[in-house]
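Quick note: the coordinates plus some simple rules give every number you see, no bench work behind them. Keep in mind that what you see is a predicted model, and the values were worked out from it rather than measured. All Cβ positions, glycine included, derive from the backbone under ideal geometry; neighbour counts span all protein chains shown.
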Amino acid sequence: MNQIMELITQPWPWYVAGPLIGLTVPTLLLIGNKSFGISSSLRHICAACLPAGIPFFNYDWKKEIWNLVFVSGIFFGGVIATNFLENPDTFILSERTITDLKKLGIHDFAGLMPADLFSVNALFTIKGFIFFVLGGFMVGFGTRYAGGCTSGHAIMGLSNLQLPSLIATCCFMVGGITMTHLILPYIFKLF
Amino acid sequence: MKNSQEVATQEEFVCEAPNNMVKKEPPLENLKYLIVGIMFGIIFVKAEIISWFRIQEMFRFQSFHMYGVIGSAVIVGMISVFLIKKFNIKTMSGEKVDFHPKKFQKGQIYGGLIFGLGWALTGACPGPLFAQIGSGFVVVIVTLISAVAGTWVYGYFKNKLPN
């Protein structure tokens, strides 16, 4: 039993996590004819809370409530994994990434998130505004404009061999690479 | 008058993750999705997909981890979809599984790029956002609220944007 627990609390390798994520596609399809997608939950929140007469939010969101239940499950999964299945060892990051990020001004590599950025203190600074407010806005705006995110396009869409999803996935990567290599160094110069 | 206006503004509902179940599900059935969601959240945390650092590693091509996760997920998903189509596997309640071909739109390029830029900043696509909050990173609540706001603003300007 202890051995099993030890195995579960270690970080899971990609060849365990990836196939399990892939299995979500047939699981959702077979338990309730649901296509896998997560960013749609953000739209349902808009439709439920502030439709404001906008046609895009004028639909029966209650019929799609499964998606909101699903994302609340992701929240609870995060609670469980962090509190009961915590990794006993330190977080291991590629040395090259550490070197690169140190140059940008990140110094804390102990947790899953850089404590330099993801703290309540950072929230009311320009750093917080860019990383949380602006970043979050681009995630919400961009995924909806693209008609899906990593789950809806990269996983569900590619699983169903959809060319538009391949195009979208490539654009996600191009956007991320551009931010990381071309824009991030300038953002970190701001503070 | 109000009614006719509402009808006029209604558009066809296109969603990437639609509920295609014909039979109406009683509210308790939602437990299924809660359980799948919980499993999913645990995977996100245990495979460290929620980590801002892992996303940086990915965009800097300094680790295979995220490519392995996404790549193997896609392969398993592809095989599953192929098998469901090939053997016409029905859902638990006996319905035919619905698939939705996606139409190419310029939004997939513009929106995709904007999302990518945001992904590298926040270190999270929409799924991991929820798991990050569950893991106790409370500041991510702000990111989530901003993401909802971004979605709302898209809905507001949808018809004015090139697509």
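Do we find that B:GLU48 is buried (at least 17 other Cβ atoms within 10 Å of the Cβ) and on the phi > 0 side of the Ramachandran plot in this structure?
Yes: the conditions hold for B:GLU48.
In the range B:18-53, how many residues are touching a Pro at 6+ places or on another chain (Cβ under 6 Å) and acidic (Asp, Glu)?
1
So is A:VAL16 of a type in the set (A, V, I, L, M) and either surrounded by 19 or more Cβ atoms within 10 Å (Cβ to Cβ) or in contact with a helix residue (DSSP H, G or I) (Cβ under 7 Å, 6 or more places away or on another chain) (or both) or not?
no
Suppose we keep only residues that are free of Cβ contacts under 8 Å to residues at least 12 places away in the same chain and crowded, with 18+ Cβ neighbours inside 10 Å within the range A:145-163. Which one would you say is farthest from B:LYS102 (Cα to Cα)?
A:TYR145
Is it true that A:PHE118 is within 19 Å of the chain's Cα centre (by Cα), without any contact (Cβ under 8 Å) to a residue 24 or more places away in the chain and part of a helix (DSSP H, G or I)?
no
Condition test on A:GLY53, is it at positive phi and either among the small types (Gly, Ala, Ser) or part of a loop (DSSP other than H, G, I, E, B) (or both)?
Yes.
Does the range A:147-191 hold any residues that are facing chain B (nearest Cβ under 7 Å) and of a type in the set (S, T, N, Q), and which are they?
Answer for the range A:147-191, where residues must be facing chain B (nearest Cβ under 7 Å) and of a type in the set (S, T, N, Q): A:THR150, A:SER151, A:SER159, A:ASN160, A:GLN162, A:SER165, A:THR178, A:THR180.
Scan the range A:58-75 and report the pairs whose first residue is within 17 Å of A:VAL25 (Cα to Cα) and whose second residue is outside any helix (DSSP H, G or I) and of a type in the set (D, E, K, R), with Cβ atoms within less than 8 Å and a gap of 6+ or a chain change.
So the pair list comes out as A:TRP66/A:LYS34; A:TRP66/B:GLU25; A:ASN67/A:LYS34.
In the range A:172-191, what residues are crowded, with 18+ Cβ neighbours inside 10 Å and more than 17 Å from B:TYR67 (Cβ to Cβ)?
Listed by number, the residues that qualify are A:MET179, A:LEU184.
Determine if the range B:84-101 includes at least one residue that is more than 16 Å from A:PRO26 (Cα to Cα), free of Cβ contacts under 8 Å to residues at least 60 places away in the same chain and of a type outside the set (D, E, K, R).
Yes: one or more hits.
Anything in the range A:78-114 that is over 12 Å from B:TRP52 (Cα atoms), surrounded by 15 or more Cβ atoms within 10 Å (Cβ to Cβ) and of a type in the set (Ser, Thr, Tyr)? List them, or say none.
Residues satisfying the conditions are A:THR82, A:SER94.
Those residues that are facing another protein chain (nearest Cβ under 7 Å), within 15 Å of A:PRO11 (Cα to Cα) and in a helix (DSSP H, G or I), I need them from the range B:45-72; list them, please.
Correct list: B:VAL45, B:LYS46, B:PHE53, B:HIS65, B:GLY68, B:VAL69.
Could you identify the single residue in A:PHE129, A:PHE118, A:PHE141 that is surrounded by 24 or more Cβ atoms within 10 Å (Cβ to Cβ), more than 30 Å from A:LEU166 (Cβ to Cβ) and aromatic (Phe, Trp, Tyr)?
A:PHE118
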